[in-house]
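Below: the structure, in structure tokens.
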Amino acid sequence: MVDLGDYYIPAGDLPEELRPPEPVPIDGALILRGTRMFFASTGPLKQAAAFGGRPYEYRAQQGIMAEKTAEALAENHNLCVEAPTGVGKSFAYLVPALLYAHQAPQPVIVSTETINLQEQLIEKDLPLLRKLSGLEFKAALAKGRGNYLCLRRLSMLTGDQRDHFLPLPSLTLEIDRLKRWSETTEDGNRDSLQHRVDNLAWSYVCCEGGNCRGQRCGHYRRCFYWRARLEWEAADIIVANHALFLTDLKIRRQSDASLLPAYSAVVIDEAHTLENNAAEHLGLAISQNGLTGFFNRLFNPDNAKGLLLRGGEEALELRREITEIREKINLFFGVIARSLEETGETILRLREPNLFPDNLTPALGKFRQQLADYIELQEDKDYKAELSSKVAWCDEFIDGITQFLQMGLPDHVYWIERQRDSINLLAAPLNVAAMLEEQLFRQAFPVILSSATLTVGNRFDYFRSRVGFCEGAELQLDSPFSSEQVRLCIPRQMPEPTQPAYQQALFREIPRFIERTHGKAFVLFTSYQLLRQCADQLKSFFFDQGLQLLIQGEQLSRSAMLKEFKSDIDSVIFGTDSFWTGVDVPGEALSNVIVTKLPFAVPSHPLIAARSERLEAAGKSSFMDYSLPEAVLKFRQGVGRLIRSRADRGIIVILDRRIVSKRYGKIFLDSIPPYPVEYC
């Protein structure tokens, strides 16, 4: 049997019987014919309600998108589709993708931004399509290995030496609960836990790269992660998220290995987030807490716990080294922290290499070699595997810190950032478009991009320039909804956000429009500070009105807030960035979207500033060619939360006077359907 290790290995290195089959010609006519039949007005969709789906509504836009997707897959070219809310885009790409996957030698990857959409595809859309289409297919949800419980690591923490390995006695109860759960769970997936699990406890028992023993592990036959991987291998459709897909793309670029199986086509839904996701996952990130936590798992001198409590004199020497390294970590990041304190900022861009002394990587390198030598002396295979991964982590920390300090990644922007009690070192590529063009859009497989918001001024030019889309067609669909379902409200008395009276005006206008719909509203902010100020000022108003106010950043998670919002039909959500996009609340529960400020990004953020400088250096306007289009796309996402079906009705309120006082305001208004406007 072949030990695949942590990654898939090149097909050429596999035994002949395990190699994927040679590609066969795709019958494009069959894919097109099957797609047209499914989306015809008399097709299988008419039976959707009988199988638990939404009542059937024929939508010409959905059929057009499906047919163009089928053509792109059959003819092996890329496609970029803007499909407004209500088109039914998931069915429009899934049906041709399934017909294509039936013929292709490898699966189709569907990548999404949000967990909500992943769950919708796996739990609702694909099962419904199986019933409606009569097609037999396998679908699998792909997640990073850190989402799965590792039975080998769990056994170490529930065995005789558990007290050595657990950093805090308080985690014992949590580990025992996970032990009981492991005996009944089918998938070992963290998301299937019925109780909230402590992040630190989970980090001690989850699957990790580098310490997996594969088929040599005594728990291999029941291993949750490897069972999931086998499902991916056998699947026709693999639903992943952008983080996993882009990390896989990065690994493929750097080596012959991969996280995902080889695939024959890619569908990227929620594609409006592609550039920022690529910048994050194709870049570099090192945190002070992450580095300290790494060494604490080996040995924490504060409580004398850790993996290195086993062993003799060699382990004692390693523990001494860790005590010294922790001091060096504090010294290294302390120097960086002081540079932030001197500026009074929490984020600082770096423009020159070697601004900070490197007293850390030599110590890491010395420790790495000592640890590797110590591992060679061990006989316990599980213990040896656990420690081996730590050597690879040392290499990553050394390489990452060196690249950051020396600015060794070309065409990247570098910055330091304080997040709570940790200092983070960050770098992101500036030319994401070139990277994606080469690694994604010019490959041998077709790529389908889909989102409700990809155009600015009814053109794909801006989006194409940001993500490098090429070798394909573009399709912009109109909305299946009537503009009469919405009334756009623009108060006459609002000052501009830069004026002193703006905040007081928000305190006045938000309640006025909340009363109009008796709650049932999203109030969207562009800064958490302003959200908090409004929440503190208006809590008494909501109490007097008998309305529940759900505030992002308090006790409830985003998903829990949405669940509560849907169940309490008159409630109100005060939300920031994550509520502008990827939220689906059909029906009366959401009848009012209030935009407090046009969503321009903070221009001083290092990544935003560097992108702007790049445009200015090329003779372009950073405002017109970047800041404004980005804000327009996010604005469209925000107001698009309101109407999710033909039965929905509501109001959109714009509390930013610039929508009418500035010339560019017309670009925002022209970017949404021609709703009737009420100046009030």
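Okay, here's what the table says:
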{"item": "Condition met for GLU341 (of a type outside the set (S, T, N, Q), out of contact with any strand residue (DSSP E or B) (no Cβ under 7 Å at 6 or more places or on another chain), farther than 17 Å from PHE404 by Cα and modelled with pLDDT of 90 or more)", "result": "yes"}
{"item": "PHE565 being in a helix (DSSP H, G or I), surrounded by fewer than 19 Cβ atoms within 10 Å (Cβ to Cβ) and among the hydrophobic types (A, V, I, L, M, F, W, C)", "result": "no"}
{"item": "Residues located in the range 318-327, provided they are open to solvent by less than 70 Å² (accessible area, probe 1.4 Å) and either at positive phi or of a type in the set (Asp, Glu) (or both)", "result": "GLU321"}
{"item": "Meets criteria (touching a residue at least 40 places away in the same chain (Cβ under 8 Å) and either at positive phi or of a type outside the set (S, T, N, Q) (or both)) for ILE375", "result": "no"}
{"item": "Hits in the range 125-171 (condition: among the polar types (S, T, N, Q), out of contact with any Cys (no Cβ under 8 Å at 6 or more places or on another chain) and either part of a helix (DSSP H, G or I) or modelled with pLDDT of 90 or more (or both))", "result": "SER133, SER155"}
{"item": "Strands (runs of 3 or more DSSP E) fully within the range 479-558 counting 1 or more residues that are surrounded by 13 or more Cβ atoms within 10 Å (Cβ to Cβ), without any contact (Cβ under 8 Å) to a residue 40 or more places away in the chain and within 25 Å of the chain's Cα centre (by Cα)", "result": "549-551"}
{"item": "Residue pairs meeting the criteria (Cβ under 7 Å; at least 6 apart or on separate chains; first of a type in the set (Phe, Trp, Tyr), in the range 423-443; second open to solvent by 30 Å² or more (accessible area, probe 1.4 Å) and at pLDDT below 95)", "result": "PHE441/GLU471"}
{"item": "Subset of the range 401-417 (residues that are modelled with pLDDT of 95 or more and either under 24 Å from the mean Cα position of the chain (by Cα) or of a type in the set (Phe, Trp, Tyr) (or both))", "result": "PHE404, HIS412, VAL413, TYR414, TRP415, ILE416, GLU417"}
{"item": "Inter-residue pairs, beta-carbon under 8 Å, first free of Cβ contacts under 8 Å to residues at least 40 places away in the same chain and within 17 Å of ILE398 (Cβ to Cβ) and in the range 314-331, second part of a helix (DSSP H, G or I) and of a type in the set (S, T, N, Q), 6+ apart", "result": "ARG326/THR292"}
{"item": "Test: residue in the range 404-416 that is charged (D, E, K, R), outside any helix (DSSP H, G or I) and farther than 25 Å from ARG152 by Cβ", "result": "yes"}
{"item": "Identity of the residue in the range 344-357, surrounded by fewer than 13 Cβ atoms within 10 Å (Cβ to Cβ) and more than 31 Å from the chain's Cα centre (by Cα), that ends up farthest from ARG614 (Cα to Cα)", "result": "PRO357"}
{"item": "Every residue from the range 638-677 that is surrounded by fewer than 22 Cβ atoms within 10 Å (Cβ to Cβ) and assigned to a helix (DSSP H, G or I)", "result": "ARG658, ILE659, VAL660, SER661, GLY665, LYS666, ILE667, LEU669, ASP670"}
{"item": "ASN359 being on the phi > 0 side of the Ramachandran plot and of a type in the set (S, T, N, Q)", "result": "no"}
{"item": "Conditions (1) part of a helix (DSSP H, G or I); (2) modelled with pLDDT of 95 or more: number failed by GLU396", "result": "(2)"}
{"item": "Sole exception among (1) polar (S, T, N, Q); (2) open to solvent by less than 40 Å² (accessible area, probe 1.4 Å); (3) modelled with pLDDT of 80 or more for THR184, by number", "result": "(2)"}
{"item": "Scan of the range 398-407 for residues that are surrounded by fewer than 20 Cβ atoms within 10 Å (Cβ to Cβ), touching a helix residue (DSSP H, G or I) at 6+ places or on another chain (Cβ under 8 Å) and touching a residue at least 40 places away in the same chain (Cβ under 8 Å), ordered by number", "result": "THR402"}
{"item": "Matching residues in the range 610-635 - criterion: being under 23 Å from the mean Cα position of the chain (by Cα), closer than 25 Å to SER671 by Cα and either of a type outside the set (D, E, K, R) or open to solvent by 20 Å² or more (accessible area, probe 1.4 Å) (or both)", "result": "TYR626, SER627, PRO629, GLU630, ALA631, VAL632, LEU633, LYS634, PHE635"}
{"item": "Residue check, LEU449 open to solvent by less than 20 Å² (accessible area, probe 1.4 Å) and modelled with pLDDT of 95 or more", "result": "yes"}
{"item": "Residue count for the range 197-207, restricted to those that are surrounded by fewer than 20 Cβ atoms within 10 Å (Cβ to Cβ) and either touching a helix residue (DSSP H, G or I) at 6+ places or on another chain (Cβ under 9 Å) or over 19 Å from LEU157 (Cβ atoms) (or both)", "result": "5"}
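Table: residues versus (1) open to solvent by less than 20 Å² (accessible area, probe 1.4 Å); (2) without any contact (Cβ under 8 Å) to a residue 12 or more places away in the chain; (3) touching a Pro at 6+ places or on another chain (Cβ under 9 Å).
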{"position": "ALA74", "(1), (2), (3)": "no, no, yes"}
{"position": "SER90", "(1), (2), (3)": "yes, no, no"}
{"position": "GLN106", "(1), (2), (3)": "no, no, yes"}
{"position": "ILE122", "(1), (2), (3)": "no, no, no"}
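Yes or no, residue by residue, for (1) at pLDDT 85 or above; (2) in contact with a Ser or Thr (Cβ under 9 Å, 6 or more places away or on another chain); (3) under 19 Å from TYR100 (Cα atoms):
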| position | (1), (2), (3) |
| --- | --- |
| VAL24 | no, no, yes |
| GLY34 | yes, yes, yes |
| GLN47 | no, no, no |
| ARG54 | no, yes, no |
| GLY63 | yes, yes, yes |
| ALA72 | yes, no, yes |
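The values are calculated or read from the model by the stated rules, or taken from the named source; none is laboratory data. Everything quoted here is computed from the prediction, not taken from an experiment. In this analysis, Cβ positions are derived from the backbone assuming ideal geometry, glycine residues included, and neighbour counts consider all displayed protein chains. To get the accessible areas, we keep the full protein, side chains included, count just its heavy atoms, and leave off ligands, DNA and RNA. Shrake-Rupley method; radii C 1.70, N 1.55, O 1.52, S 1.80 Å.
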